[in-house]
Amino acid sequence: MMTGIFISLLGLILMMNKINLVDIPWSSGVHKFRARIYYDATDAGGIVYHTEYLTIAEHARTEALRALGFYQSRLTRDQNVLLTVRRCNVEYITPAYLDDLVEVRTGFNSFTGARIFLEQTIHRINEKKTTDDLLVSIETEIACVSAMGKAKRLPKELKEAISGKLIINEF
């Protein structure tokens, strides 16, 4: 009885917080993050709102940083570092729908003193097919700034972690 209640509560927490269903480790420099498409992310026809892809991509970037050992709250608290989107180029290829399982593949392309350049692709995961449907492709430039909004150099440890995961157009 207790086990059943625990599992039910865990499932409810996962659904309410939209936590990824499978935390797949890094593979060839690409971080993979999965999420389910819920009703609140869709229109009346069950098609995902265009802005939801940016939200899912933000969650995936955050999890990629966590997988490298960097928590944005700690970067802010301990080093006065904020990572903010400076530029974003989105190509919408085909829509996702209610109940789809999607996977965001995040790869770091390069970095400079205060910027990170990365590419993310969002795919529909279909267990019955051997290939996944590419839904969205996003090129993002992240700026490192202080709490006052001034450009700030990336922390050395973060640059070292990212340099170990750099990829060049492997999507």
Check: Looking at (1) of a type in the set (D, E, K, R); (2) farther than 22 Å from Arg74 by Cα; (3) open to solvent by 20 Å² or more (accessible area, probe 1.4 Å), which is the only condition Lys156 fails?
Finding: (2)
Checklist line | Matching residues in the stretch 30-40 - criterion: being open to solvent by less than 60 Å² (accessible area, probe 1.4 Å) and under 13 Å from Leu101 (Cα atoms) | finding: Lys32, Phe33, Arg34, Ala35, Ile37, Tyr38
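Considering Ile116, Ile162, Ile167, Ile142, which residue is touching a residue at least 40 places away in the same chain (Cβ under 8 Å) and farther than 16 Å from Phe70 by Cα?
Ile167 is the lone residue from the list that is touching a residue at least 40 places away in the same chain (Cβ under 8 Å) and farther than 16 Å from Phe70 by Cα.
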Next item on the list: May I ask you to verify whether Ala161 is open to solvent by less than 80 Å² (accessible area, probe 1.4 Å), within 16 Å of Gly29 (Cβ to Cβ), outside any strand (DSSP E or B) and touching a helix residue (DSSP H, G or I) at 6+ places or on another chain (Cβ under 9 Å)?
Entry: yes
Check: (1) open to solvent by 60 Å² or more (accessible area, probe 1.4 Å); (2) farther than 24 Å from Ser146 by Cα: which one isn't true of Asp78, the others all being true?
Finding: (2)
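The values are calculated or read from the model by the stated rules, or taken from the named source; none is laboratory data. As the structure is a prediction and not an experimental result, all values here were calculated from the model. So basically every Cβ, Gly included, is an ideal-geometry build from the backbone, and we count neighbours across all protein chains shown. The accessibility values were calculated without ligands, DNA or RNA, using every heavy atom of the protein model including side chains. Shrake-Rupley method; radii C 1.70, N 1.55, O 1.52, S 1.80 Å.
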